[in-house]
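The values are calculated or read from the model by the stated rules, or taken from the named source; none is laboratory data. Bear in mind the structure is a predicted one, so any value in this text is a computation, not a measurement. Here Cβ is always computed from backbone atoms with ideal geometry, including for glycine, and neighbour counts include all displayed protein chains.
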Amino acid sequence: MKHPIVVSMLLLFAVDAAAQQRDLVDLSLQDLMNVEITSVSFKPQPLSRTAAAVYVITTTDIERSGATTLPDLLRMVPGFNVAQISATAWSVTSRGFGGLYANKLLVLIDGRSVYSEVSGGVNWGMQFPPLYLVKQIEVIRGPGGSMWGANAVNGVINIITKSADDLQGTAVTAHSGRYEPGIIDVSNGGAIAGRVRYVASGRYFQRRSPALTGSLAGSDRAEAVEARTRIDWSAGRTQRFWLAAAGGRTGQTQDNSFPSAVPPYAETIRAVFTPHVAHVTLSWSATPSGGVENSVLAYYSSATNGFPFVAGSERTADVKGWQRRSIGRHHEIVAGAEYRNTAIAVTNIPTLRFNRQHARQHDLTGYVQDEIMVSRKLSVTPGIKTENDVSGFEALPSLRAVWNPTPRQAIWASVSHGMRRPHLFEQDIRWVSAIVPVQGSLPLAMMIEGNPDAHSEILNEVEGGYRAKAGTLTVDVSAFGGRYHDLLTAEPSAPALGQELGLDVVRISRRLVNASSAKVDGGETSATWTPGSRVQFGAGYSFVTLTSAPGAAEASDLARAHTSVPRQQWNARALFDVPGGADISAFFFHAGPIPAQRVASYNRLDLRLAHRIAGAARLVVGARNLFRKPGIEYVDISGAVSIPARPDAYAEIAWMF
Amino acid sequence: MAVNRGAVLVFALLLAARGGTAASAQGATAIEHQVKAAFLVNFAKFVEWPPSAAPLVICIVDDDDFARVAIDTIQKKTINGRALAVRAVGRAGDDIHECSLVFVASEAGSTGRVLGQIDRQPILTVGESEFFLQDGGMIRLFRAGDRLRFQINAGAAQQRGLKVSSQLLSLAVP
């Protein structure tokens, strides 16, 4: 980086401000409507009244991060553990329990769940939405069962996309980088009639391996095309509808290490697979009078062939409705119900077999919460969600309280409960994870067996936090302590003779049982300092400790190692707006080591420079993973080959008409 | 674990640069706030309240930064012969009944709660939340690209004895 350029750009700040001193109050309304206010980039985060560890990624954060994938964007959230496994696979979790199929984090996009009931967790390799379509991401760490239901165990991510109103006009973006050689995004928005607006967008997306070795390892890549549309309609003053539909396919290659029938009984096989995703969502909301809001959301979604080697599909039909109602001055009640029907189909391969190849799941849930304003400064919110599903009837309660000693400070505490249902893999799987030759004897087949009687994993957690806004500074601190019960672990069962991969073997099986418990505690803190609307600094730090309860079988060591996350992480950012339409962003991340996986700690710096040229066009250049020795970030239990992350540079040009 | 020297250098540079920028950057925030404050004054100009000699009180709910700018820029103005006063109020909506115009910033959270307290009094409500008009608010101020625009729910104003001039209505986004 050339210092003189940066310094001279920063000097420009001083010139601008003085020039803009004008008394706007004397302008006519017409003139006022023409005043440009683009420079307002950094709105300080609102001091949330929620009694939970909430972090909001804003439109500005999304743009300035330079991220092209959702996992990379989530790196900035304190307490989140994001690790890239390959070009198309990530471990994304909150407060521990990582993995390619990290299964304790619920993710919703515009109210639609993208959590897989087949494998648990989110298949990030199937989620490559253009990030310019995302309006904001609300991240809630800790159990969210009482509101969000099953699988919101250590966190919930709500991704809110922009409405057609936000995307009027035509925009074309072309992006090219070392590991994303070609991304093209096109969108067009307009009015169909009066208050009915539409936006249609298309995308071509490519990612390739950071390994670039030419050998088999490092062929991980993805090539995606997708189309989406959304129609927004405000009917009268009180009703709003939107309809969104999208479809896309991703061609993927991923290397997996696999057991084989011939010495050395293991090989790396390249999987070529083509996930398809499609969904259609309809939303209606109405506010018939001041204190009441009614909403209904229905969607159908389909995801097929999301896994290497195993063909399969997951189709979900879901309808939910809820009402928010203020009763008097002291109560705000939210109550809702949801029905979901999930149909699952999978195929068998020699190393991975399922007892059922088709399954259908019905879930009926209901919830209610009441925010009680006990006094002007104190509110208490009890809430409960009930679930009726494969595991029978379950109740997920929580109690939250927030106290505002002054309007700019909030102290909150909560006791909450999270629950994760066993998914199809855990109930039905028969997985040969390795063939181990033994001198003078039959080879051993190391196996994991599912358990149809597996029941839900439970987390009970106590959390507390403090948020404050003092002038240009905001501070957020949270701490948590919880206990997991009935964690599924693979416990050894008696060896048996059998046949696997056409070989006579001794099966060394481990069966999944709800046998383990664990203690988790930790804390997160973040701060932003916005000395002006052209400058913002931020920093975050988090630590987490997971301790398995003594007595858990040694077998769970394996699982423990493979769900480990760095104990400590921190990040920092600096954002500048340069008058004349340019901006500079720097994000720095540090993640501690994961000794159980022999993953070293790493530092990464992402830089981005954007400049508005000729009015409607914008040029962006950036680099990611700077100052970094190539290194892997995660070793997953599934056998997905870990690819080292390497520095990367990119350029992007966008036109808006 | 050693942090790379290059990274440290860049950060030191960015931090060092900050000192010179802070003061001027403050002005830019003020500009957005000034534009908003000017909009509020204009709304007040084009709305007719039931006759009163008392000052027109503009209340800013739960946004101290904006309230400070509004006090600086519009406090001493007069509108149609009435003096203007600006007041910052908390989100619990204390003293809301003395206000002539209530502004609820998008940051202020529960718009419904504030609106619920206004009841039938002739108070002009201006807000930024997406559903502000649906919630029963009167004027929604919002960003469209680089500029500010507004929408009006004239019915809600009329119900509370406020008259919105046709000039204001004609500039509003339908």
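Taking only the range B:84-103 into account, find how many residues are within 24 Å of B:E32 (Cα to Cα) and modelled with pLDDT of 80 or more. Of the residues in that region, 11 qualify. Listed conditions (1) surrounded by 17 or more Cβ atoms within 10 Å (Cβ to Cβ); (2) in contact with an Asp or Glu (Cβ under 7 Å, 6 or more places away or on another chain) are all met by A:A171, apart from (2). Residues in the range A:131-143 that are of a type outside the set (A, V, I, L, M) and surrounded by 21 or more Cβ atoms within 10 Å (Cβ to Cβ): A:R141, A:G142, A:P143.
Within the range A:260-278, the set of residues being within 21 Å of A:M447 (Cβ to Cβ), of a type in the set (G, A, S) and assigned to a strand (DSSP E or B) comprises A:A266, A:A271.
Quick check, is A:T281 under 21 Å from the mean Cα position of the chain (by Cα), part of a strand (DSSP E or B) and surrounded by 18 or more Cβ atoms within 10 Å (Cβ to Cβ)? Even if it seems obvious, please write down each step before you answer.
Working: under 21 Å from the mean Cα position of the chain (by Cα): yes; part of a strand (DSSP E or B): yes; surrounded by 18 or more Cβ atoms within 10 Å (Cβ to Cβ): yes.
So A:T281 passes the test.
Can you name the strands (runs of 3 or more DSSP E) wholly within the range A:118-200 that have at least 1 residues being of a type in the set (D, E)?
A:134-141, A:183-193
Against the conditions (1) surrounded by 20 or more Cβ atoms within 10 Å (Cβ to Cβ); (2) within 23 Å of A:Q323 (Cβ to Cβ), A:V380 satisfies every one except (1).
I'd like to check something: does the range A:517-530 contain any residue that is more than 27 Å from A:R567 (Cα to Cα) and out of contact with any Asp or Glu (no Cβ under 9 Å at 6 or more places or on another chain)?
Checked the range A:517-530: at least one residue is more than 27 Å from A:R567 (Cα to Cα) and out of contact with any Asp or Glu (no Cβ under 9 Å at 6 or more places or on another chain).
Applying the selection to the range A:292-303, what residues are surrounded by fewer than 19 Cβ atoms within 10 Å (Cβ to Cβ) and touching a residue at least 24 places away in the same chain (Cβ under 8 Å)? Spell out how you get there, then give the answer.
Of the range A:292-303, the ones surrounded by fewer than 19 Cβ atoms within 10 Å (Cβ to Cβ) are A:292, A:294-296, A:298, A:300, A:302.
Correct list: A:V292, A:N294, A:S295, A:V296, A:S302.
In summary, A:P288 fulfils each of the numbered conditions (1) assigned to a loop (DSSP other than H, G, I, E, B); (2) touching a Gly at 6+ places or on another chain (Cβ under 9 Å); (3) over 22 Å from A:T351 (Cβ atoms) with the single exception of condition (2). Scan B:A53, B:A44 and give me the residue that is away from chain A (no Cβ under 11 Å), without any contact (Cβ under 8 Å) to a residue 40 or more places away in the chain and either more than 24 Å from A:D31 (Cβ to Cβ) or surrounded by 17 or more Cβ atoms within 10 Å (Cβ to Cβ) (or both). Among B:A53, B:A44, only B:A53 is away from chain A (no Cβ under 11 Å), without any contact (Cβ under 8 Å) to a residue 40 or more places away in the chain and either more than 24 Å from A:D31 (Cβ to Cβ) or surrounded by 17 or more Cβ atoms within 10 Å (Cβ to Cβ) (or both).
Given the options A:Y602, A:Y634, A:Y650, name the one that is within 30 Å of A:V432 (Cβ to Cβ) and among the aromatic types (F, W, Y). Full working, then the answer.
Working: A:Y602 fails: within 30 Å of A:V432 (Cβ to Cβ); A:Y650 fails: within 30 Å of A:V432 (Cβ to Cβ).
After ruling out the rest, the residue left standing is A:Y634.
Take the conditions (1) at the interface with chain A (Cβ under 8 Å from one of its Cβ atoms); (2) of a type in the set (D, E, K, R); (3) under 13 Å from the mean Cα position of the chain (by Cα); B:K77 misses just one of them, which is (3). Only one entry of A:R356, A:R315, A:R329 meets the criterion of being more than 22 Å from A:G639 (Cβ to Cβ), more than 14 Å from every other protein chain (Cβ to nearest Cβ) and surrounded by fewer than 15 Cβ atoms within 10 Å (Cβ to Cβ), and that entry is A:R356. Could you please find all residues in the range A:162-203 being within 16 Å of A:A227 (Cα to Cα) and within 14 Å of chain B (Cβ to nearest Cβ)? Listed by number, the residues that qualify are A:K162, A:S163, A:A164, A:L167, A:T170, A:A171, A:G189. Count of the range A:347-368 residues, restricted to those that are in contact with a helix residue (DSSP H, G or I) (Cβ under 7 Å, 6 or more places away or on another chain) and either among the β-branched types (V, I, T) or in a strand (DSSP E or B) (or both), is 3. The selection criterion, being within 13 Å of another protein chain (Cβ to nearest Cβ), surrounded by fewer than 19 Cβ atoms within 10 Å (Cβ to Cβ) and not basic (K, R), does not hold for A:P350. For A:P71, the test of being assigned to a loop (DSSP other than H, G, I, E, B), at negative phi and surrounded by fewer than 24 Cβ atoms within 10 Å (Cβ to Cβ) is failed. Listed by first and then second residue, the pairs with beta-carbon distance under 7 Å, at least 6 apart or on different chains, first residue in the range A:271-289 and within 14 Å of chain B (Cβ to nearest Cβ), second surrounded by fewer than 18 Cβ atoms within 10 Å (Cβ to Cβ) and aliphatic (A, V, I, L, M), are A:W284/A:V296. Within the range A:409-428, does at least one residue satisfy the condition of being over 22 Å from A:I637 (Cβ atoms), out of contact with any Gly (no Cβ under 6 Å at 6 or more places or on another chain), surrounded by fewer than 20 Cβ atoms within 10 Å (Cβ to Cβ) and modelled with pLDDT of 90 or more? Taking every residue of the range A:409-428 in turn, at least one turns out to be over 22 Å from A:I637 (Cβ atoms), out of contact with any Gly (no Cβ under 6 Å at 6 or more places or on another chain), surrounded by fewer than 20 Cβ atoms within 10 Å (Cβ to Cβ) and modelled with pLDDT of 90 or more. Only residues that are at pLDDT 85 or above and β-branched (V, I, T) were counted in the range A:555-577, giving 1.
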